[in-house]
Each structure stands twice: as C-alpha cells, then as structure tokens.
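Novice: Right, I'll just put the structure down here and ask away after.
The values are calculated or read from the model by the stated rules, or taken from the named source; none is laboratory data. Bear in mind that the values here come from a model prediction, so they are computed numbers and not experimental data. Glycine gets a Cβ as well: all are built from the backbone with ideal geometry, and neighbour counts include every protein chain shown. Accessible surface is based on the protein model in full, side chains and every heavy atom, while ligands, DNA and RNA are left aside. Shrake-Rupley method; radii C 1.70, N 1.55, O 1.52, S 1.80 Å.
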Amino acid sequence: MAASPADAEGPDELVGQPRDAISGPVADAEAVAERISSEDRPLGPPGKPMNKRSPFFMGMAAAAGAAVTAGGVWFLFIASGTLVLIGVALFAAIGLEPVASWLVRRGLPRPLAVTVIVVGGLGLAAGFFAALIPPLVDQAVRFIDQAPEYVARLGDRSSWLGQVSARFDLQRRLQSTFSDPDPALVNGLLGSGRAVLGTLTDTLIVLVLTIYFLADFPRLRATIYRFVPHTRRPRAILIGDEIFAKVGSYVLGNVVISIIAGVLGFIWFTIFGIPYPVLLALLLAVLDLIPVIGAIIAGVVVSLAALTVSWPVCLATVGFFVVYRFVEDYLLTPKIIGRFVDVPALVTVVAVVLGGVLLGIVGALVAIPVAAAVLLFVREIVFHRMDHS
C-alpha cells in the first residue's frame, strides 16, 4: 500500500518551516508574552478574572469544592499526628520569637540569635539529664545489690514482705514470669520501647522544625499576612501581631514561673533533707509548665518522696505546695502573665480540660494562649460586627 504524501513527510521536512506555520496561535501568544514581560513583572501582569457566574465555572467550582473538602478531611485524618508536631513547633517558635527579636535589636544577626537560643536550650536539656541519670543509675545499682535480700524476704513468713508474698503468691508468680515469660508482657515491653523511641523521634522533629520556624519567622509572618485581602491586611496585621505577642508572653511567663517553682522547691527539699533535691526540683519545674494540673501532679510525687524521710516532713511538704499554689495563682500568674494574657478563670479551666481531652498534654499546654487568641478574635471581629449590624 503506497503511503500518502502527508505520511511521507517526516520530521526533517517540518524543521525548515516557519514557527507560526507549525504552532499557529501559540506563536502569536509567545510574541505577546515577550512584549508583556518586564523587569518589574517578568511573568507579566495578572489577567482578567474568570466569569464566576458562568454555569460551567459554577459547576466546576462546586465539584472542586466538594473534592477539596473530602480531600482535606482525609488529609487531616491521615496526617493528624504530624500536624500536631508542626503546630507544637510553631507554638514554640512564636514563644521564643520575643527572645530572638530582643537579641536582634541588640545587634546580633538573626542566625546568630537563633543559635544562641538553641545552644541555651540544649544546655538546659543537658543539665536536666545530667541531674536525672545519676540518681536513676544509683537506684538501679541499689536495687540489684539488694535483690537477693528481697528474694529471701519473700520466703520469710515472719517479715511483712513474706506475709504479702504468701497472701498473693508473689514468689511463684515471679518465678513463673521469669522462667516462662508471658507473651503479653514481652509485647508490652516491646511496645514501651517503641513508644520511647517514637517520643525521642517526635522530640527531634519538633526541635528541628522549631529552629527552622524561628530562623525564618519574619518571612513566615509576612507570608501569612499575604493571604489576607489588601483592604483588610492592616487590621489583620494588628490583630495577628497581638495574638503573637500574647502567645510569646504566655510561653516566656510560664517558663519564668516554672523556674521560680523549681528554685523554691529545691530550697525546700534541701532544707528538709528530701532525697534527690535537684531531680525533684527539675521535675517540679517541668510539670509546672502544664496549667492547672501540672503542679498538682508534682505535689503528689514530691510528697511521696518526702514520705521516705518522715510523716511530718511529708505533711509539711503538702502544706508547702498548697501555699505555693495560692501564691502562684493569685500573685505570680497575674503579675507575670495576667497583664498580657487576659483570660477569665472559667475560660482557663474549660480550655485546659478541652485541650487535654483533644490533644493530651500538648493540648493542655497550648490551651490558654489559644483561648486568649480566640477571645481576642471574638471581641475584635465577631462582637464588633454584631454590635454594628
């Protein structure tokens, strides 16, 4: 079968033809693109908006909206854990931004200011673990040394430990556990190891993201405001900067109060001879970061540690924590945090409870500044429109 003239033409015969003979309207568009490109707008000025009242456009917009909504819900469900880590890192960066801005105003370049903050944070973490590891190792060594004595007491029915062992058959249970480990116990230990490894990985991710957010915070802030229409952008900047200020003030104020709690606790533990005062003071400072319930948990743990000294010391420690809670709630918090984050007590409790239910400890930590931001938005936007509508 003979080939037609059109089929006989190969690519080499098309090369020599003019570009507009091949492209047609595309060549005209390329010429226009060269004319509209300038130094100020290398990609040309934006074109006219599409006709939003077109039936085709409305149908496509509705379909695209439904698809985007379904995809967004699916994405939130799949990536919820990662989004929480990103939110925690952004929250930490906003909290550290006042410190970075203060260092920048003192003449440090922003990368150097961020480096100073990171090195200081790592130094505090190193001090925490330096105070934590020796007591744990010491307790482990003591337990190993005294393990034969504990085993001997299990068989001695004259001791209280032997009586408890006889009542609950502890010795036989321990022997059967170690001779033939329960698969559930082994799986539980493996699960605990995976949980610890996952926590360390999440902490590293949050640390890296916080550094990136803090180093590029001015550009990130400007990008967020670019999503607001031009006519509303000045108002959005004022409200957004006020929210950033409230979050930063809360984070720094909470850290200051926790340091005060740790220092006062260390002095108390040292005076009354409670064991491991540095470790307990660090534990108190860390738990005190959690609003409402953190100090209560710390008080219970430290009171149990004081019980190893004597009953009077334990009761005195309980009284110390009760007095300190009143001082922190009615003196330190209003003076340090209250003038920046004005949140009513009822809203504080409700926010902490809801945050704890939704996101656990992370939700409890961020509940108060989020509540302050929501109250500011409601007061400045919602109530303002309601009052003038």
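Novice: When you look at Val292, is it at pLDDT 85 or above, closer than 30 Å to Pro344 by Cα and among the hydrophobic types (A, V, I, L, M, F, W, C), yes or no?
Specialist: Details: at pLDDT 85 or above: no; closer than 30 Å to Pro344 by Cα: yes; among the hydrophobic types (A, V, I, L, M, F, W, C): yes.
No, not satisfied.
Novice: Scan (1) exposed (fewer than 15 other Cβ atoms within 10 Å of the Cβ); (2) under 18 Å from the mean Cα position of the chain (by Cα) for the single condition Gly319 breaks and write down its number.
Specialist: With respect to (1) exposed (fewer than 15 other Cβ atoms within 10 Å of the Cβ); (2) under 18 Å from the mean Cα position of the chain (by Cα), Gly319 is out only on (2).
Novice: Do we have Gly240 as in contact with a Leu (Cβ under 7 Å, 6 or more places away or on another chain) and surrounded by 15 or more Cβ atoms within 10 Å (Cβ to Cβ) here? Spell out the reasoning first.
Specialist: Working: in contact with a Leu (Cβ under 7 Å, 6 or more places away or on another chain): no; surrounded by 15 or more Cβ atoms within 10 Å (Cβ to Cβ): yes.
Spelling it out, it is not the case that Gly240 is in contact with a Leu (Cβ under 7 Å, 6 or more places away or on another chain) and surrounded by 15 or more Cβ atoms within 10 Å (Cβ to Cβ).
Novice: Now a separate question. Among the listed residues Val352, Val374, Val341, Val357, identify the single one that is surrounded by 16 or more Cβ atoms within 10 Å (Cβ to Cβ) and under 30 Å from Phe77 (Cβ atoms). Working first, answer last.
Specialist: Numbers: Val374 fails: surrounded by 16 or more Cβ atoms within 10 Å (Cβ to Cβ); Val341 fails: under 30 Å from Phe77 (Cβ atoms); Val357 fails: surrounded by 16 or more Cβ atoms within 10 Å (Cβ to Cβ).
After ruling out the rest, the residue left standing is Val352.
Novice: Restrict the check to region 128-143 and report whether at least one residue is at pLDDT 60 or above and closer than 30 Å to Ala245 by Cβ.
Specialist: From region 128-143, those at pLDDT 60 or above are 128-143; that's our starting set.
Within this subset, residues satisfying the condition of being closer than 30 Å to Ala245 by Cβ are 128.
Yes, region 128-143 has at least one match.
Novice: Considering only residues that are open to solvent by 70 Å² or more (accessible area, probe 1.4 Å) and without any contact (Cβ under 8 Å) to a residue 40 or more places away in the chain, which ones fall in region 250-285?
Specialist: Scanning region 250-285 gives Ile259, Val263, Phe266, Ile267, Thr270, Ile271.
Novice: Answer yes or no: is there a residue in region 40-48 that is modelled with pLDDT under 85, in a helix (DSSP H, G or I), open to solvent by less than 100 Å² (accessible area, probe 1.4 Å) and of a type in the set (Gly, Ala, Ser).
Specialist: Looking through region 40-48, none of the residues is modelled with pLDDT under 85, in a helix (DSSP H, G or I), open to solvent by less than 100 Å² (accessible area, probe 1.4 Å) and of a type in the set (Gly, Ala, Ser).
Novice: Any chance region 94-114 includes a residue that's closer than 16 Å to Thr203 by Cα and assigned to a helix (DSSP H, G or I)? Reasoning before the result, please.
Specialist: Step one: filter region 94-114 for residues closer than 16 Å to Thr203 by Cα, giving none.
Scanning region 94-114, I find no residue that is closer than 16 Å to Thr203 by Cα and assigned to a helix (DSSP H, G or I), so the answer is no.
Novice: Please indicate, with yes or no, whether at least one residue in region 308-323 is assigned to a helix (DSSP H, G or I), out of contact with any Leu (no Cβ under 7 Å at 6 or more places or on another chain) and at pLDDT below 85. So that I can check it myself, show each step before the final result.
Specialist: Keep residues of region 308-323 that are assigned to a helix (DSSP H, G or I), which gives 311-323.
Narrowing further to those that are out of contact with any Leu (no Cβ under 7 Å at 6 or more places or on another chain): 311-313, 315-323.
So of that shortlist, the ones also at pLDDT below 85 come out as none.
There is no residue in region 308-323 that is assigned to a helix (DSSP H, G or I), out of contact with any Leu (no Cβ under 7 Å at 6 or more places or on another chain) and at pLDDT below 85.
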